[in-house]
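Notes follow once the structure below has been shown.
Any read-out appearing in this document is the output of simple, stated calculations on the displayed coordinates, not a laboratory observation. Because the structure is predicted, anything quoted here is derived from the model rather than measured. Glycine also receives a Cβ, built like all others from the backbone with ideal geometry; neighbour counts cover every protein chain displayed.
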Amino acid sequence: MSTGYATRASGPLYAVSVLVSDFDFELPESLIAQEPRPRGTSRLMVVDRASRSWRETTIAALPQLLDAGDVLVVNDTRVFPARLIGRRDPSGGAVECLLIERVDDTHWHALVHPGHKLKPGARMVFDDPARTPRVVVRGTVLEREFFGKRLVALEADGAASLDAAVDAIGHVPLPPYVHRADTPEDRERYQTIYARVRLEALEKLAAADAFRSLGLDRRQTLWEVKALGASEPLPLFSWSETREAG
């Protein structure tokens, strides 16, 4: 179990224990959208705590739901094309590499497939001649890490930087419940209208001013949640209350 505490200056208010399996629920495949709605028409659920009721509207109605003094939290994280599709060097077997956390200019923590064949020392080549001729990213697996992750070293040819090469040949990492290939339109439509900060920068932001300004203390990386089993504890944030919980 993982226990989180909400506290104020006089001491803890309450404690909760949370497992990943606590969030399991049935969702029929037929109800999972495979394409985004046009901007301004995304569905919005409004929960009225006073009447203990809810209703559905669209995001365009949000301004009418806000009152003076309300706080609106927006997601300005920009999803970048972090899924690299390529081949093993020299065998030519198909490989995938999902970049999840930058270490420095040339090293990343990543998820790779097929993991059992990509051991330390394995080499990979990623390119897309049809979209971006002459842009190539080469990778080497350096270490095995926890939760199936690998430490990889990357270098690029044919682009001004490694970031530019990844942006050129990478694919938008659509979630597994979206059963289609990514498209060029996904690069913009799969963002919020506030998106400005690349996703790989989230780790540094979360550990610094962006989360501290909200009174949050980030304890574990969000990406580890993906690898947890149903019976394992969920990493939690801790926070401080400045008023009575109610």
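Observations on the model:
- Computed about its Cα centre, the charge dipole of segment 51-183 is approximately 640 debye, with only Lys, Arg, Asp and Glu carrying charge at their Cβ.
- Rounded if a/c under 1.5, otherwise prolate or oblate - segment 77-182, Cα gyration tensor axes: rounded
- Highest to lowest packing among 95-101, 32-38, 44-50, 114-120, scored as the average C-beta count within 10 Å: 95-101, 114-120, 32-38, 44-50
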